[in-house]
Each structure stands twice: as C-alpha cells, then as structure tokens.
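A short worksheet on the structure shown next.
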Amino acid sequence: MGITMFPIVEKCTSEEREKETVVADLDGTLLGSPSSFPYFALVAFDVGGALRLLFLLLASPLAGFLYYLISESAGIQVIIFATFVGIKVSDIESAARAVLPKFYSEDLHPESWRVFSSCGKRCVLTATPRIMVEPFLKDYLGVDIVLGTEIQTYKDRATGFVRSPGVFVGKNKADALTRTFGDTQPEIGLGDRDTDIPFVTLCKEGYFVPSKPKAKAVTINNLPKPIIFHDGRLVQKPTPLMALFILLWIPFGFFLSCLRACAGLLLPTPLQYYAFWAIGVRLIIKGNPPPRINKSKDQSGILFVSCHRTLCDPVFLSMALGHPIPTVTYSLSRFSEIVAPIKTIRLTRERAHDASIIKKLLKEGDLTIFPEGTTCREPFLLRFSSLFAELTDEIVPVAMVNKMSMFHGTTARGRKWMDMFFFFMNPRPTYEITFFNKLSHEFTCKSGKSRHEVANYVQKVIAETLSYECTSFTRKDKYITLAGNDGTIVKNP
C-alpha cells in the first residue's frame with residue numbers, strides 16, 4: 001500500500017497543536033509540486049547563466065533514468081552535480097536567500113501548511129541540499145530545524161558531490177530524525193511518497209499528502225512574513241519545458257532586445273511610441289499628462305514623482321509625455337548613463353547637496369524623481385524620501401506598472417548594466433503609466449504641511465491606484481536583504 005496506508009492530510013486537525021512538533025518532507029509535501037527541478041534551475045540560471053541551465057537540462061534525462069530505474073538518491077545526485085559543480089558557495093547562499101523564497105512561497109501545499117503552521121515546533125526533512133532551502137524555511141515559514149542533504153565543498157566552491165550519509169531519502173531521513181529527537185517522538189509526520197515511510201512511522205501520527213491539493217493556494221497574507229524583496233532574472237518557475245523555451249528564446253530575444261534598445265536610443269522621443277509598438281513593446285497611458293508649456297524665468301518646472309519599477313521608467317515617462325524629461329539617479333552604472341536617451345543627473349545621498357542639484361534642475365525645466373530610491377518588484381511601495389516635497393509645490397504624481405513574462409529587468413546582485421537588455425528580451429514587455437492631477441495647494445508644504453506628510457500622501461495615492469501596499473522599508477533594507485550590503489557601493493560594469 002505504501003504511503004497511502006496513512007490517512008490523508010485533510011483528516012488531520014490543526015486545532016490545539018501549539019505545543020506539538022510536526023515533521024514534514026519538502027517537495028510534494030510542504031510544497032505542492034513533487035519536482036525539485038525548477039528550483040535547481042533557478043539557482044543554475046542565477047549563478048551560472050544560460051550555459052549552466054543548459055547543462056542541467058541536458059543532465060535531467062539521465063537523472064530521471066537513474067531516479068526511476070536505480071534509486072531516488074542517484075537521480076537527485078545527478079541534478080545536484082549539474083547545478084552546483086564549480087559554483088561558489090557564497091553564490092549558492094545568495095540565490096537561496098534572494099531568489100528562491102518567492103517561488104517556494106507560491107508552491108506551498110495549502111493542507112500541509114494548515115497543519116504545519118499550527119504546530120509550535122516545526123522540522124523539515126528534505127533531499128534538497130540544506131543550503132538551498134534553509135533561508136526560506138527559517139526566515140519565512142518559522143521552521144526550527146532543517147535536515148537536508150549536505151554538499152561537499154573545496155576552497156569555497158561546491159564539488160557537485162554530497163557529504164556522508166548521502167542524499168536524504170528513505171532511511172537517511174529516519175536516521176537524521178532519530179539523531180535529532182532521540183527518544184522523543186514527534187507528534188505529526190507528513191509525507192507524500194514511499195521513501196518517506198521510514199520517518200513518518202517514527203511519529204505518533206502519520207499523514208499522506210496527495211499531489212493535487214483540493215484547497216485554495218496559500219496566499220501571501222497567510223505567511224508569517226511577506227516576501228517584499230526578491231532577486232533573480234526569471235519571472236516564471238522554470239519547469240523543464242519552460243527552461244527549454246527560455247534557452248531557445250535567448251538568442252532571438254537578445255537580438256530583439258538590441259533592436260528595441262536602439263529604437264529607444266536613436267529615435268526622437270515623439271517617434272519612439274510608434275517604433276516600440278511596431279516591435280512588440282506596449283505603452284498604455286492613463287490620466288491626463290500635463291501639457292508642455294513655455295516656462296517663465298521665475299517659474300519652477302514640474303516635478304514628476306513616480307514609483308520605481310525598472311531602469312526604463314524615465315524613458316517610458318518621457319515617451320508618454322512626448323518629449324524627453326531629465327531624471328535624477330543614484331548608483332546607475334556608467335554604461336547606462338552613457339547610453340541613456342534622456343539626461344541623467346547623479347545624486348550623492350548628501351541631503352543639502354542633492355537639494356541644491358534638484359532646485360537648479362527645476363529652474364531649468366521639468367524633472368523626474370523616484371523617491372523610493374530603488375526598484376521594487378512586488379505590489380508594495382517602499383518609503384518615499386521626503387526631500388522632493390520641500391523643494392517645489394509643482395508636483396505631479398505618476399503611477400507605473402510593467403509586465404514582464406520571462407525576464408526581470410532589475411537586479412540587486414547581478415550586472416545592473418544588463419537590466420535594460422533583460423527587460424527588452426521579454427516577448428511583449430508592457431508599461432502602464434497613470435498620470436495624476438497636479439497636487440492641489442492644500443496637499444503641499446506651502447499650505448503648512450510637513451514634507452513627510454506630503455511624501456506620505458503621494459505614496460498613498462499612488463498605492464491606492466495600483467492596489468499596492470505602502471511600507472516603511474527603504475533602499476537600505478532591500479540591499480541588506482538581497483545583497484548583504486547597504487547598496488552604497490557602486491561597481492562599474
């Protein structure tokens with residue numbers, strides 16, 4: 001009968017479990033999908049690029065052959081070798097911290113999570129290397145103990161092999177559970193396959209987790225900690241078929257990206273909209289963009305205050321307005337500054353100096369600013385710096401949304417100068433720009449409101465329009481989470 005001899009997980013009550021211990025397998029149990037390939041593929045592409053992903057994809061048939069005809073352990077060892085051999089351990093840890101949590105969280109099995117989250121002490125047993133899963137499990141799911149396959153390393157690089165006792169399947173899981181808990185018997189064991197039976201039988205109650213959950217997917221609101229920051233280039237979880245499509249698309253996509261980039265760099269702004277439309281880039285404009293006027297000598301230019309999604313934001317804003325608008329930047333790569341089709345002015349993060357720069361630019365004409373100070377992918381807005389509010393009352397809020405189906409056009413840990421190319425490598429990248437009316441007198445500093453009140457108000461109206469959530473997180477919080485630094489070090493490409 002195998003694992004199905006245990007009652008189904010839906011029959012497990014989650015009431016009054018706060019003082020009990022739960023032990024669960026990961027793939028197919030705590031996660032809905034039984035296949036770990038997509039997560040290895042995410043690491044492979046993030047740390048090794050397209051060639052590493054190709055190597056993993058070519059190795060997957062051999063892994064499948066060994067998995068079904070020899071042992072589960074042999075198949076997983078092939079996947080681990082293809083993904084990790086020669087890779088820096090620090091790069092694997094970085095991908096596990098910044099890339100994988102978003103994809104893991106979207107695959108949580110609703111019934112398993114209902115039971116798992118109700119228990120006071122949580123343990124996960126997994127064949128997946130512990131280095132890959134521990135950051136997500138501990139930081140986002142509140143797991144106390146993670147017992148997984150340990151990889152071999154040599155001089156801070158993975159060898160591709162695993163440490164004794166080998167891959168955590170079958171008896172290895174049961175032995176690890178016994179070493180960890182001793183004579184103490186965990187209350188609940190959750191598994192999805194026959195090789196989970198040895199550790200499930202060590203628990204007081206054992207439950208079988210079916211591969212196709214009937215309950216609704218776990219939403220972000222049901223997680224102990226929301227995932228606001230994440231990195232990596234891939235938008236979708238790379239199943240073997242999706243990974244193959246990505247690899248086949250990259251050569252054509254890069255050519256298409258260069259063509260689109262040239263259209264944005266070489267054509268006059270009024271023609272860019274039509275050129276982009278012809279080569280598959282969509283721009284949707286909502287609201288009423290303010291008309292271009294001849295500014296008088298003593299009149300301040302309009303300050304367009306926008307949320308920040310990608311490096312291309314100011315380019316598409318200029319396209320929507322029909323004429324180029326300068327923008328202030330921070331930590332932009334030299335390459336991006338050189339090729340930018342609009343004027344970019346670098347800020348220093350010294351408040352007084354930056355204020356003088358912005359005031360001078362507004363005397364010359366209109367200007368774009370992104371008070372979040374960095375991009376955010378998820379439906380959240382980071383805290384708006386209040387500097388802009390005290391410099392002018394001619395403020396027009398702008399809401400931006402972009403749609404990317406294959407590649408993210410931002411990175412915190414990778415090569416920033418490639419952001420534009422990755423954005424344009426998407427088959428049909430889309431920008432939606434919403435213009436608000438200019439802030440009325442009562443919502444400006446001139447009416448007596450503080451700069452913080454004005455900044456918070458602008459953040460709120462943009463968030464409400466986009467159905468986003470306002471946060472108090474800053475650029476520094478993002479870079480500490482994703483890159484392990486405060487984001488102040490700029491590296492030229």
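Observations on the structure shown:
- In the chain, the longest principal axis of the Cα atoms and the axis of helix 240-266 are about 10 degrees apart.
- Residue (of Pro341, Leu391, Thr327) at the positive-pole extreme of the range 322-410, dipole from beta-carbon charges: Pro341
- Taking a quarter of the surface of the Cα convex hull of the range 223-380 gives a mean projected area of 12.9 nm².
- Environment charge at Ile246 (Cβ cut-off 13 Å; Lys +1, Arg +1, Asp -1, Glu -1): +2
- Probe 1.4 Å, protein heavy atoms only - accessible area per residue of the range 172-263 in square angstrom: 50 Å²
- Residues Trp113, Trp277, Trp417 ordered from highest to lowest accessible area at a 1.4 Å probe: Trp277, Trp417, Trp113.
- Mean residue ellipticity, 222 nm, helices only, the chain: the sum of -39500 (n - 2.57) across DSSP H runs of n ≥ 4, divided by residue count and rounded to 500, is -12000 deg cm²/dmol.
- Pairwise centroid distance, computed over Cα atoms, of the range 419-453 with the range 117-137, Å: 40 Å
- Förster radius 45 Å - calculated FRET efficiency between Lys155 and Thr344, Cβ distance, rounded to 0.05: 0.65
- Charge tally in the Cβ shell below 12 Å around Pro34, where Lys, Arg are +1 and Asp, Glu are -1, Pro34 excluded: -4
- Here the spin labels are modelled as points 7 Å beyond Cα on the Cα-Cβ line, and at His353 and Glu10 they lie 6.4 nm apart.
- FRET efficiency estimate (nearest 0.05) - Cβ-Cβ, Lys476 to Met242, R0 41 angstrom: 0.75
- Loop-located trypsin sites (Lys or Arg not before Pro) in the range 167-239 (DSSP state other than H, G, I, E, B) with a sparse environment of at most 14 neighbouring Cβ atoms within 10 Å: Lys204, Lys214, Lys216.
- Near Cys376: Cβ cut-off under 11 Å, other residues only, Lys/Arg at +1 and Asp/Glu at -1. The net charge is +1.
- Ratio of Rg to Rh for the range 251-335: 1.00 [Cα atoms; Kirkwood radius as inverse mean 1/r over pairs].
- Filtered trypsin sites (Lys or Arg not before Pro), the range 16-69: DSSP coil and at most 14 other beta carbons within 10 Å: Lys19
- Stokes-Einstein diffusion for the range 131-181 at 25 °C, viscosity 0.890 mPa s, with a Kirkwood radius from C-alpha pairs, works out to 200 µm²/s.
- Diffusion constant of the range 360-493 at 4 °C, which comes from Stokes-Einstein with the Kirkwood Cα-pair radius and 1.567 mPa s, µm²/s: 78 µm²/s
- The GluC sites (Glu not before Pro) of the range 1-66 that meet both conditions, a loop assignment by DSSP and at most 12 other Cβ atoms within 10 Å of the site Cβ, are Glu15, Glu16, Glu18.
- Translational diffusion of the chain, µm² s⁻¹ [Kirkwood Rh, Cα pairs; Stokes-Einstein; 10 °C; 1.306 mPa s]: 64 µm²/s
- Once the C-beta distance of Gln185 and Lys446 is scaled by a Förster radius of 51 Å, the resulting FRET efficiency is 0.15 to the nearest 0.05.
- Once divided by 2.2 N^0.38 Å, the Cα radius of gyration of the range 368-436 becomes 1.29.
The values are calculated or read from the model by the stated rules, or taken from the named source; none is laboratory data. As the structure is a computational prediction, the values presented were derived from the model and not from experiment. In this analysis, Cβ positions are derived from the backbone assuming ideal geometry, glycine residues included, and neighbour counts consider all displayed protein chains. Please note that ligands, DNA and RNA were not included when accessible areas were found on the heavy atoms of the full protein model with its side chains. Shrake-Rupley method; radii C 1.70, N 1.55, O 1.52, S 1.80 Å.
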